[in-house]
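**Q** Got a structure for you, written out below as structure tokens; questions coming shortly.
The values are calculated or read from the model by the stated rules, or taken from the named source; none is laboratory data. Predicted model, so just to flag it, every value in this text is computed and none were measured. Positions of Cβ are generated from backbone atoms using ideal geometry, with glycine treated the same way; all protein chains shown enter the neighbour counts.
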Amino acid sequence: MNQNTSSVANGDSHSKATTNDSDKPKNTPHVSQRAVLPWIGAFLKPYRAKVITAIIFLFIGSLAWLSLGQGVRLMVDEGFLKDNGSRLNEIILLVIGITALSSSAIFCRFYLMTWLGERVSADIRLKVYDHLLKLSPGFYAKLRTGEMISRFTADSTLLQSVVGSSLSMALRASVTVLGGIVMMAITSFKMTGLVLLAVPMVLGPIFFFGRKVRDLSRKSQDKVGDLGAYVDETLHEIHTVQAYSHEDQDRALFNHRVEAVMDAAKGRIKYRSILISLVMFLSILAIALVMWVGAHDVMSGAISAGELSAFMFYAVMVAGSVATISEVIGEIQRAAGATERLIELIETPIDIPVVENPLGLPTPVRGELQLKNVRFSYSNMSDSADSSLEPVFNNNNEVIRGLNIDIKPGERVALVGASGAGKSTLFELLQRFYVLDSGSIELDGIDIAKLTPQILRQQYALVPQESVIFATSVLENVRYGRLDASEADVKQACIAAKADEFITEFSDGYQTYLGERGVRLSGGQKQRIAIARAILADRPILLLDEATSALDAVSEHKVKQALDSLMTSKTTLIIAHRLATVINADRILVLDKGQVVASGTHQQLMLSSELYREFASLQLLTEQD
């Protein structure tokens, strides 16, 4: 479940905010249709040598095919009609040579264009992924992961096929059309003029229906994205789906989305079919009429039979190329819609601004934190597509209200309060996942807004309430916080977190694959892996969000010993609902509706804070049970 989304919803709880079927990035810029080609061109620019070479081979291949028309003319006029066998043999050898040259050029062009398609698709994925990593959790709270995956994979794959194949076919067909018209004009200017009269009839449907196909393709891709988002959500939460016997309802909802995709595709298919059939009909009609005129010219002696044969050869090539263009243009327009969706992602503004000249932190980092009149609300998320979230993101609903907190280096501070008090939100503000409405947060006297996010976040080791386990080995999961750690370092951290005892029971030990989201681990095992990760990271500030909530009593005791050792000389902030977790903290802050309403040790608060006494009595009763 998306932890960042949960913090948006109420500041502490972990409930998933879902969006409606039409979810799209609301803060993404509108992309004009004319921006698509220059955008793709920017990715092709580093490979201009291969692009130019591919175009050269494209021209060689197309011109070689066009020259075959002259071979046809020579075969008829100088071979068949003159009954000249030796000349016919020479012409046949010439035709074979031209065909070999054209075939070689086609191989080179096809190889280069296909390579370019794969390379551009890879580069786009790299660029999109790099940008996605820079966007804050606030962005992902408004969009479902499946929608992002659809854009990232399906759209870029479609673009790959177009750049590598369809675009090449369209360019080759365009060259053939232009070259064929020139050769027809050389052969018979009169008949070429008649052909050109038919060109507007053919181009009209291409432009009209091509635009329709592009718009409908964009809608179709959006529906596919929604489908992917729904699959991602249901399979991610498959335990809940099956536990509540929700399969039939999910099948119905999935069927509804599949049919929505089909309905969106029907319009696109219809217009593409009309486009292809109209172009074919009009092209063949024009050829038939021109052939009728040419036949009369041959009978009248205006042109030779060979010239008419050559002309018809070119006319058929032009008609076939126009048909290819009409067929491919649908794919190109479809890819244009997909490209617009990718451009929207890449041009989504990074909502955590980075200063041009960031400051550095003193060495070593002591871990002193100061919050000065900090105010924050999720007002920047009120444009979410889901109207049900509007009350949560109301501009007047401040989650943090004028916090002033000083945390000394090495101090252990516990945050307690009801769900929605702002504890988890405070953790996220310390790591600058959101921009403050007002006030400032300082680390060792430096405003964190003047640091790069990466440098700031490298000072924190986080153990979240819902431990995050990646689909890789135990070793790589623990090493996630310190990539240069040796296997011995990893084992030492796991021993300290009391995780080594169950890891060594796995058949592959530290190389054991843990499955997607750690499906092979229990909740307590996941938390001990997360704690080992924090221990290994060895950062000056610890953020513990219910770090022992999923542990049994024995494991909790062991892990608390590890945490006590880990917290030595480190600034530690602890979110906890269990009294035993916070009772030994240097200071306890009681939060209520985004404000600190009481501060002190456990003994002091038991005397001075009615809210804390109520909290403590409830927790004591709970723990006694």
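**Q** Tally time: how many residues in the stretch 500-534 are crowded, with 22+ Cβ neighbours inside 10 Å, touching a strand residue (DSSP E or B) at 6+ places or on another chain (Cβ under 7 Å) and of a type in the set (Val, Ile, Thr)?
**A** 1
**Q** Looking at the stretch 404-425, which of its residues are touching a Phe, Trp or Tyr at 6+ places or on another chain (Cβ under 9 Å) and modelled with pLDDT of 85 or more?
**A** 415, 416, 425
**Q** If you check every pair at least six apart or on different chains, which have Cβ atoms under 9 Å apart with a residue in the stretch 298-320 that is within 16 Å of residue 179 (Cβ to Cβ) first and a residue that is basic (Lys, Arg) and part of a helix (DSSP H, G or I) second?
**A** That search, which allows pairs on different chains as well, returns 310/73; 311/73; 313/73.
**Q** I would also like to ask the following. I need a count of the residues in the stretch 277-303 that are outside any helix (DSSP H, G or I) and either in contact with an Asp or Glu (Cβ under 9 Å, 6 or more places away or on another chain) or modelled with pLDDT under 75 (or both). Write out each step before concluding.
**A** First pass over the stretch 277-303, keeping only residues outside any helix (DSSP H, G or I): 301-303.
From what is left, the residues that are either in contact with an Asp or Glu (Cβ under 9 Å, 6 or more places away or on another chain) or modelled with pLDDT under 75 (or both) are 303.
Residues flagged as outside any helix (DSSP H, G or I) and either in contact with an Asp or Glu (Cβ under 9 Å, 6 or more places away or on another chain) or modelled with pLDDT under 75 (or both) within the stretch 277-303 amount to 1.
**Q** Also, quick follow-up: So for the stretch 93-107 (the condition being of a type in the set (A, V, I, L, M) and modelled with pLDDT under 75), does at least one residue qualify?
**A** Step one: of the stretch 93-107, the residues of a type in the set (A, V, I, L, M) are 93-96, 98, 100-101, 105-106.
Remaining after also requiring modelled with pLDDT under 75: none.
Checking the stretch 93-107: not a single residue is of a type in the set (A, V, I, L, M) and modelled with pLDDT under 75.
**Q** I'm trying to understand the selection: among the residues of the stretch 363-398, which are in contact with a strand residue (DSSP E or B) (Cβ under 9 Å, 6 or more places away or on another chain), modelled with pLDDT of 85 or more and more than 14 Å from residue 439 (Cα to Cα)?
**A** Scanning the stretch 363-398 gives 365, 366, 367, 368.
**Q** Do any residues in the stretch 79-106 that are over 24 Å from residue 63 (Cβ atoms) have Cβ atoms under 7 Å from those of residues that are in a helix (DSSP H, G or I) and at pLDDT 70 or above, where the two are at least six apart or on different chains, and which pairs are they?
**A** Matching pairs, first to second residue: 81/305.
**Q** Okay, next question. Would you confirm, using the coordinates I've provided, whether residue 489 is in a loop (DSSP other than H, G, I, E, B), of a type in the set (Asp, Glu) and at negative phi?
**A** No.
**Q** Give, as residue ranges, the helices (runs of 4 or more DSSP H) completely inside the stretch 400-485 that count at least 1 residues that are in contact with a Gly (Cβ under 7 Å, 6 or more places away or on another chain) and hydroxyl-bearing (Ser, Thr, Tyr). Steps first, please.
**A** On the way: elements: 423-430, 453-457, 474-478.
Hits in the stretch 400-485: 423-430.
**Q** Now for a separate question. Filter the stretch 535-545 down to the residues that are surrounded by fewer than 24 Cβ atoms within 10 Å (Cβ to Cβ) and either assigned to a helix (DSSP H, G or I) or in contact with a helix residue (DSSP H, G or I) (Cβ under 6 Å, 6 or more places away or on another chain) (or both) and list them by number.
**A** Selection gives 536, 537, 543.
**Q** So in the stretch 404-447, with the set limited to residues that are closer than 12 Å to residue 374 by Cβ and of a type in the set (A, V, I, L, M), which one is surrounded by the fewest Cβ atoms within 10 Å (Cβ to Cβ)?
**A** 435
**Q** Just give me the residues in the stretch 583-612 being farther than 21 Å from residue 427 by Cβ and among the hydroxyl-bearing types (Ser, Thr, Tyr), in sequence order.
**A** 601, 608, 609
**Q** Residues that are hydrophobic (A, V, I, L, M, F, W, C) and at pLDDT 70 or above: find the helices (runs of 4 or more DSSP H) completely inside the stretch 125-217 holding 3 or more of those.
**A** 167-187
**Q** Let me ask something else about it. Has the stretch 315-337 got at least one residue that is over 30 Å from residue 167 (Cα atoms) and either at pLDDT 75 or above or in contact with a strand residue (DSSP E or B) (Cβ under 9 Å, 6 or more places away or on another chain) (or both)?
**A** Taking the stretch 315-337 as the starting set, the residues that turn out to be over 30 Å from residue 167 (Cα atoms) are none.
Checking the stretch 315-337: not a single residue is over 30 Å from residue 167 (Cα atoms) and either at pLDDT 75 or above or in contact with a strand residue (DSSP E or B) (Cβ under 9 Å, 6 or more places away or on another chain) (or both).
**Q** Looking only at residues in the stretch 568-578 that are buried (at least 18 other Cβ atoms within 10 Å of the Cβ) and modelled with pLDDT under 80, which one is nearest to residue 406 (Cα to Cα)?
**A** Checking each candidate, the answer is 576.
**Q** May I pose another question? Can you tell me which residue among 597, 590 is modelled with pLDDT of 80 or more, surrounded by fewer than 19 Cβ atoms within 10 Å (Cβ to Cβ) and either in contact with a Leu (Cβ under 9 Å, 6 or more places away or on another chain) or among the hydroxyl-bearing types (Ser, Thr, Tyr) (or both)?
**A** Of 597, 590, the one residue that is modelled with pLDDT of 80 or more, surrounded by fewer than 19 Cβ atoms within 10 Å (Cβ to Cβ) and either in contact with a Leu (Cβ under 9 Å, 6 or more places away or on another chain) or among the hydroxyl-bearing types (Ser, Thr, Tyr) (or both) is 597.
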